[in-house]
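The values are calculated or read from the model by the stated rules, or taken from the named source; none is laboratory data. The model shown is predicted, which means the values in this text are computed figures rather than measured ones. Cβ placement follows ideal geometry from the backbone for every residue including glycine, while neighbour counts extend to all protein chains displayed. Just the protein is used for accessible areas: all its heavy atoms, side chains included, with ligands, DNA and RNA removed. Shrake-Rupley method; radii C 1.70, N 1.55, O 1.52, S 1.80 Å.
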Amino acid sequence: PWLAKAKLTMLAIVERMMLATHMGEMLDVLLAERPTASTLEILRVHRLKTAEYSFVGPLQLGAIAAGASPAQLSTLRHYGMPTGIAFQIQDDILGLFGSQRETGKAVGADVAEGKKTLLTAEAVRRSRGATHSRLKTALAQRKHDRQTLSFIRAAVRETGALAASEHLARELVAEAQRALTEARHIDPKGSTILRNLADFAVHRRA
């Protein structure tokens, strides 16, 4: 009886992951064709494409296989969602400011693909005057020379968009950590591993 119930629960989670991924990908593609996107829209993509599929779902599937209780599964959701979003924010930061040697991806590739990130959305929202106009024009292009890419990176820094994104990622990790602290039904060793994973989400360089 337990195995049959566990299988049904796991299948429901896989179905939820697939649906979330499809919805997130559709929204991501639609936003790429628009000149601008809101912070809420971008964070929704992060929740659907990254947090649900890469963190919440896998954590819950493994936990169910180990006999986790509903309370433990709830904790893993409250932990996995903010951790996954923080992971994606850091991924976007590395995509614009990281090293291609470390990340394996060309710097600025997301911008060239028209991908909307929290960095660029916040930079557009915070910028003014000539910088605002030039930034919107630069982001609308799909090919960037070094000078244009340097301008985009400078604008993201100078408008405070980079600092704001880093701050949000840290706040999300703190939220994930609180979910573990408040849970009394998570094994201490497992909790330590999850805490380290959350920290890794915002400190990784690749």
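So which residues in the stretch 195-206 are open to solvent by less than 90 Å² (accessible area, probe 1.4 Å) and touching a Ser or Thr at 6+ places or on another chain (Cβ under 8 Å)?
Start the filter on the stretch 195-206 by keeping residues that are open to solvent by less than 90 Å² (accessible area, probe 1.4 Å), which leaves 195, 197-199, 201-202, 204, 206.
Across the stretch 195-206, the qualifying residues are L197, A198, A201, A206.
Quick check on the stretch 111-129: of everything there that is within 25 Å of H46 (Cα to Cα) and open to solvent by 70 Å² or more (accessible area, probe 1.4 Å), which residue is modelled with the lowest pLDDT? So that I can check it myself, show each step before the final result.
Taking the stretch 111-129 first, the residues within 25 Å of H46 (Cα to Cα) are 111-127.
The next check asks that each one be open to solvent by 70 Å² or more (accessible area, probe 1.4 Å); those that pass are 113, 125-126.
Numbers: E113: 88, R125: 96, R126: 97.
Filtering the stretch 111-129 for residues that are within 25 Å of H46 (Cα to Cα) and open to solvent by 70 Å² or more (accessible area, probe 1.4 Å), the one modelled with the lowest pLDDT comes out as E113.
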Residues satisfying the stated conditions in the stretch 1-32, i.e. free of Cβ contacts under 8 Å to residues at least 40 places away in the same chain and of a type in the set (G, A, S) | A4, A12, A20, G24
Out of the residues in the stretch 159-190 that are among the small types (G, A, S) and modelled with pLDDT under 95, state the one that is surrounded by the most Cβ atoms within 10 Å (Cβ to Cβ).
-> A183
In the stretch 130-156, what count of residues is obtained for those that are exposed (fewer than 14 other Cβ atoms within 10 Å of the Cβ) and assigned to a helix (DSSP H, G or I)?
-> 8
T148 passes all but one of (1) within 14 Å of F97 (Cβ to Cβ); (2) out of contact with any His (no Cβ under 8 Å at 6 or more places or on another chain); which number fails?
-> (1)
When you scan the stretch 11-25, how many residues do you find that are within 16 Å of H46 (Cβ to Cβ) and among the β-branched types (V, I, T)?
-> 1
Within the stretch 110-135, how many residues are β-branched (V, I, T) and more than 20 Å from K49 (Cα to Cα)?
-> 2
